[in-house]
There are 2 protein chains.
Amino acid sequence: MPTSTIRESEVDVLIIGAGPAGLMCANGLASAGVNVRIIDQRPGKVAAGQADGIQPRTMESYGLLDKFLKQANQLHLAAFYNPGPNGGIERTSRSPDVSVPTARFPFEATLHQGHIERLFLDSMEGHGLRVDRPTVPTSIEVSGEESALKNPHAYPVKVVVTHLDASPGHETEVIHAKFVVGADGAHSWVRKSLGIAMEGEQSDYVWGVVDITPDTDFPDIRNKTAIHSENGSCMIIPREGDVVRLYIQLDNKDVIDPSTGRLKKDGFGPERLLEVAKKSFYPYRISTQSPVDWWTLYQIGQRVASKFSVADRVFIAGDACHTHSPKAGQGMNASMNDTHNLGWKIVQVLRGWADISLLKTYEFERRKYAQDLIAFDKKFSKLFSEKPQSEQRATGVSHAEFHTAFQTFSGFSSGIRVHYEPSAIVDNARQELARNLTIGERVLPQQFVRAADARPYELQDLLPADVRFKILVFTGHDLGPARTLAERLEPALSELTPRDKSVQDVFDILSIVQGKKEEVEYTQVPPMLRSHWSKVLLDDTDLTGKIGGNGYETYGITSSGAIVVVRPDGYVGFVSALDEVERLSLYFKGFMKAL
Amino acid sequence: MPTSTIRESEVDVLIIGAGPAGLMCANGLASAGVNVRIIDQRPGKVAAGQADGIQPRTMESYGLLDKFLKQANQLHLAAFYNPGPNGGIERTSRSPDVSVPTARFPFEATLHQGHIERLFLDSMEGHGLRVDRPTVPTSIEVSGEESALKNPHAYPVKVVVTHLDASPGHETEVIHAKFVVGADGAHSWVRKSLGIAMEGEQSDYVWGVVDITPDTDFPDIRNKTAIHSENGSCMIIPREGDVVRLYIQLDNKDVIDPSTGRLKKDGFGPERLLEVAKKSFYPYRISTQSPVDWWTLYQIGQRVASKFSVADRVFIAGDACHTHSPKAGQGMNASMNDTHNLGWKIVQVLRGWADISLLKTYEFERRKYAQDLIAFDKKFSKLFSEKPQSEQRATGVSHAEFHTAFQTFSGFSSGIRVHYEPSAIVDNARQELARNLTIGERVLPQQFVRAADARPYELQDLLPADVRFKILVFTGHDLGPARTLAERLEPALSELTPRDKSVQDVFDILSIVQGKKEEVEYTQVPPMLRSHWSKVLLDDTDLTGKIGGNGYETYGITSSGAIVVVRPDGYVGFVSALDEVERLSLYFKGFMKAL
């Protein structure tokens, strides 16, 4: 008879769920050297389908950009079709898919979720972390002791898990964690176990989704196309290779079981979905020779969790806290951005740099975002699901209305306009010193040239999510004020730096000088403001004259200069004048510990 | 007692030497599916030092660009220092390192040769090819039989090799090859075995090279800097990470043994080299705390092999056929470009598409280039090695003279101005139809947008070195002439296509239409000119209006359109009007077989 043993273990962070939100979190923590584990109940990774749109803002972050862009399809143009005079559809217009002027990547990208997860899994493996699977959590308990909850070194969360493929008698493990992240999807076990409610409702709209390699004469098959026809609505999202995803509006009576009010999939299939789509494509033809890659039906639900954390020790993220329609391409982006927001905060607390209260800003920032997302989704889904205006139907949705909504929402749907309200980490008191760099929003993309070698760099690429706050010193042209600042900055930052670390371990300082690449010598900038030759930038064009220049103007900074603090996740947190070191010091002391 | 056995084997192509020229060749052939072997006498790859400059033109080719650019350092700015009034040096000017307006990458890049070789080795392994090492060739013999030499399926070259780490008695192998490429360096065994002479001479200039991580207050340490001082000349080439390479002029009497006239390295070392460099840096200081990465001494030799091939069956490439000074950063680029030129020609012959006479163009094109390179190198080395002009020395090299040479040579040293003269594969009769697309030079970089999805693409990236000739059909605005062309092109190309292949296997056809992305439907282009939805481009900007546009104008093509043929290595080979299919047909029949 096998003996039964129950393992007990400790971990700093336990992540439950290895979808995009969980993997983003795990990869971020592992690359910061955190003691982290990630479990998932599925035996392997996602095979096909599921979410696959990546917003321009998501591309700006995260450091896996190159690999991602190499594989992904890009959506530049949106096309709009409406009922024409001859019974079929005709193109009303083509316009940019992303109409946000500050987008660094002015397009959306699509890539199979499995590929995206693979990028994270590979990166994680480089840090020695793999997903523990198939493993199912069975109970979670948060200690009620105030003292344990306040001590960042305590392990106040107890999670019992079952390893499904362990040998009999060895399946159970009790994990004591400092922090737990529940990224376990729309039906989140973590959320339900903690009794967190979802607020909102199911809509009446039912859609089918099918991935095909089309054979078609439709000229906009590789654009993001919205078709409003007399025979239903359809949206085309081209994907990598020759694959195209179709979102197809369905008639509720065909797919909703009237007795239960629930979706009934039986009797439906990809062939029938395609039959519906064909009607809305008329007079164009569409069919497929290859087998269908993937299909599903879904009923749009629009809900947000009532809270995102318990005792600042257990957090839920991704689909576990917000569900919405997939057509706006928000789900995976919002999910990854949740844990991108959370990860660095946990690390700062674990390292003893920041106070545990920093973690309150996660719910504050991300729940507000989720609510905005749902509001947006409701409007957009409604416009897209209702009948188009026509001669017979004056009350329908007009093209102008739909198109305006599409463009207005571009700022939101691109992820560019995420805005965090003032908090311990967002101090907008001195906004006027950097007028166009909105405090609480991501740093605007801008090319600068490196003073030492005149090589152009996108500033965003120099601000990696490496847990450190970035202090950008816009020195202006005259280096006098920067020299004074350097002297005062040293003691102010040393106060916040653990004894066994250097200031540069905790803060990344870059200087941005107004001056010409032919003239400035980087060696003139005070050493405190350039820990390495690569840390001095110039607001100048590169040698072709085509890249960079006018950075101060773009950011709305005058030649008096400014200090701009960028959070580890790329959002602007603070602005002050060069002689306001006390103010800077107070900002950091609002959430960091004087050590 | 071990029995002694001599293996005999056959291979389509045997490459001797796994430096940059050999690896470029091996990777190109392996990715084309050729039966190829590559041997090298060294047991492992290069550890440090050696060549490491990459020209802008080299970056434009080859498909390994992304990985390369990720790791490499970039040189944008050049700085020039000359004797100042106070006994030390001072900066005379800064100017662009690359001053060729058509360069797509307006900088040079530097990367350790070992990294570059690693990129090729990894890519090769993906095609199942590894370097056979340590393996030494001991004899080479080319058959004298005319019939064998003319038959591309014969194996007229016999090479005997010794596998140094094989078990005793099994070291020897006799390899019968259709073709052999000798890429075995400046002291090429292949060249000597075939009795090919090197023409040219040794110069009197002796230089030392040292790689260090410097500690310095010199403000141009990260730029490509030429120092002419009263205490000798020095050139700075910054490399990846914090490493910098110094080329240091030496006094012949210190390093040449008067009895032999040869370099004597003993008594010299990196410390002494650095002592010499320090004098030319004065009044700036330079030292290093870390151990020196690598160093060497060299005497400039400027020679070109009298011929580059024997019987169109054995070819020499790279340093085996041209040696010159390293300062102009030409060596590795010229070597890789040699086999980039040769590889596709061998594949076309092996596949039976082209006549074996195509191989004559290798020597014709690359020997002329090597001669130009040496002539350039002589001028540049002399200017750089001689004393600078000063009040005491009116006859010295003036800064203006050096700077002008530096800029004039930029077109050459960047690799952009490589020009192949008319031959079977370069037909410049209709140059006027694409005035700015010089026939015999590489395709100018230009961004177009893809008609199906408005995604911008650099045309060069759509012309991979995949052995196929690229037929670019500039249709103009009106698609009428393109429709007529499509009908006539089909039979013309079918004639040159083996029966078991489609036209698209042998030729890659792209259409470039004048028109707006909001209006053009790619489905209007005749199917013969778009084998896939990705094959139609528009001469228009992308949706930001910042990328692309004016491509016809940039290339000097009118709205009457043109056919432009690009060779598999990216060079323009032929231009004609849309109604000159006979001319096109004759061009291809000049070196391809009617099948």
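The values are calculated or read from the model by the stated rules, or taken from the named source; none is laboratory data. What you are looking at is a predicted structure, and each value in this text was computed from that prediction instead of being measured. Note that we place each Cβ from the backbone using ideal geometry, even for glycine, and neighbour counts take in every protein chain shown. Note: areas computed on protein heavy atoms with side chains; ligands, DNA, RNA excluded. Shrake-Rupley method; radii C 1.70, N 1.55, O 1.52, S 1.80 Å.
Based on this model, can you work out whether B:S287 counts as among the small types (G, A, S), open to solvent by 10 Å² or more (accessible area, probe 1.4 Å) and touching a residue at least 40 places away in the same chain (Cβ under 8 Å)? It would help to see each step written out before you state the result.
Details: among the small types (G, A, S): yes; open to solvent by 10 Å² or more (accessible area, probe 1.4 Å): yes; touching a residue at least 40 places away in the same chain (Cβ under 8 Å): yes.
The answer is yes for B:S287.
So for segment A:245-267 (the condition being among the charged types (D, E, K, R) and either within 14 Å of chain B (Cβ to nearest Cβ) or within 30 Å of B:V525 (Cα to Cα) (or both)), does at least one residue qualify?
Going residue by residue through segment A:245-267, those that are among the charged types (D, E, K, R) are A:245, A:251, A:253-254, A:257, A:262, A:264-266.
Within this subset, residues satisfying the condition of being either within 14 Å of chain B (Cβ to nearest Cβ) or within 30 Å of B:V525 (Cα to Cα) (or both) are A:245.
Yes, segment A:245-267 has at least one match.
One residue is enough: does segment B:366-384 have a residue meeting the conditions touching a Phe, Trp or Tyr at 6+ places or on another chain (Cβ under 7 Å), among the basic types (K, R), free of Cβ contacts under 8 Å to residues at least 60 places away in the same chain and open to solvent by less than 10 Å² (accessible area, probe 1.4 Å)?
yes
Those residues that are within 15 Å of the chain's Cα centre (by Cα) and over 22 Å from B:G551 (Cα atoms), I need them from segment B:93-110; list them, please.
Within segment B:93-110, B:E108, B:A109, B:T110 qualify.
Would you pick out the residues in segment B:216-239 that are of a type in the set (S, T, N, Q) and within 12 Å of chain A (Cβ to nearest Cβ)? Step through it out loud before you land on a result.
So the first thing to find is which residues in segment B:216-239 are of a type in the set (S, T, N, Q), and the list is B:216, B:223, B:225, B:229, B:231, B:233.
Within segment B:216-239, B:T216, B:N223, B:T225 qualify.
Hey, does segment B:271-279 have a residue that's open to solvent by less than 10 Å² (accessible area, probe 1.4 Å) and in contact (Cβ under 8 Å) with a residue 12 or more places away in the chain? So that I can check it myself, show each step before the final result.
Just the residues of segment B:271-279 that are open to solvent by less than 10 Å² (accessible area, probe 1.4 Å), to begin with: B:273, B:277.
Subset that is in contact (Cβ under 8 Å) with a residue 12 or more places away in the chain: B:273, B:277.
Yes, the conditions are met somewhere in segment B:271-279.
Find all pairs meeting these conditions: Cβ atoms under 7 angstrom apart; at least six residues apart or on different chains; first residue within segment A:143-165 and farther than 21 Å from A:I16 by Cβ; second residue not in a loop (DSSP other than H, G, I, E, B) and not aromatic (F, W, Y).
These pairs meet every condition: A:K150/A:I356.
Looking at B:V397, B:V443, can you tell me which residue is within 17 Å of B:G551 (Cβ to Cβ) and in contact (Cβ under 8 Å) with a residue 12 or more places away in the chain? If you could, list the steps in order and put the result at the bottom.
Details: B:V397 fails: within 17 Å of B:G551 (Cβ to Cβ).
Criteria check complete, one pass: B:V443.
Right, A:R393: of a type in the set (D, E, K, R) and within 19 Å of A:G232 (Cβ to Cβ) or not? Steps first, please.
Details: of a type in the set (D, E, K, R): yes; within 19 Å of A:G232 (Cβ to Cβ): yes.
Taking the combined requirement at face value, the residue satisfies it.
Anything in segment A:569-589 that is surrounded by fewer than 16 Cβ atoms within 10 Å (Cβ to Cβ) and among the small types (G, A, S)? List them, or say none.
Filtering segment A:569-589 for residues surrounded by fewer than 16 Cβ atoms within 10 Å (Cβ to Cβ) gives A:579, A:582, A:586, A:589.
Once the filter is applied, which keeps residues that are surrounded by fewer than 16 Cβ atoms within 10 Å (Cβ to Cβ) and among the small types (G, A, S), segment A:569-589 yields nothing.
Inspect segment A:536-558 for any residue being of a type in the set (K, R) and within 14 Å of chain B (Cβ to nearest Cβ) and give the result as yes or no. Can you show your working first?
Here is the first cut: in segment A:536-558, the ones of a type in the set (K, R) are A:546.
Those still in the list that are within 14 Å of chain B (Cβ to nearest Cβ) too: A:546.
Yes: one or more hits.
Against the condition within 12 Å of chain B (Cβ to nearest Cβ) and acidic (D, E), how does A:D122 come out, does it pass? I'd like the intermediate steps shown before the answer.
Numbers: within 12 Å of chain B (Cβ to nearest Cβ): no; acidic (D, E): yes.
Against the criterion (within 12 Å of chain B (Cβ to nearest Cβ) and acidic (D, E)), A:D122 does not qualify.
Residues in segment A:24-77 that are part of a helix (DSSP H, G or I), at pLDDT below 90 and either open to solvent by less than 30 Å² (accessible area, probe 1.4 Å) or more than 30 Å from A:V292 (Cβ to Cβ) (or both): how many? Outline the logic, then answer.
Start the filter on segment A:24-77 by keeping residues that are part of a helix (DSSP H, G or I), which leaves A:24-31, A:56-60, A:65-71.
Cutting the leftovers down to at pLDDT below 90 gives us A:56-60, A:65-71.
Filter once more, keeping what is either open to solvent by less than 30 Å² (accessible area, probe 1.4 Å) or more than 30 Å from A:V292 (Cβ to Cβ) (or both): A:56-60, A:65-66, A:68.
Looking only at that region, the number is 8.
Go through segment B:429-456 and report how many residues are away from chain A (no Cβ under 14 Å) and more than 23 Å from the chain's Cα centre (by Cα).
The initial filter retains those residues of segment B:429-456 that are away from chain A (no Cβ under 14 Å), namely B:429-444, B:446.
Restricting the remaining residues to those that are more than 23 Å from the chain's Cα centre (by Cα) gives B:429-435.
Residues meeting the conditions: 7.
Among the numbered conditions (1) exposed (fewer than 12 other Cβ atoms within 10 Å of the Cβ); (2) within 14 Å of chain B (Cβ to nearest Cβ); (3) acidic (D, E), tell me where A:D242 comes up short.
Condition not satisfied by A:D242: (1).
Working carefully through the options A:S559, A:S511, A:S534, find the one that is within 19 Å of A:F448 (Cβ to Cβ), open to solvent by 10 Å² or more (accessible area, probe 1.4 Å) and outside any loop (DSSP other than H, G, I, E, B). Break it down into steps so the answer makes sense when it comes.
Numbers: A:S559 fails: outside any loop (DSSP other than H, G, I, E, B); A:S511 fails: open to solvent by 10 Å² or more (accessible area, probe 1.4 Å).
Exactly one residue qualifies, and that residue is A:S534.
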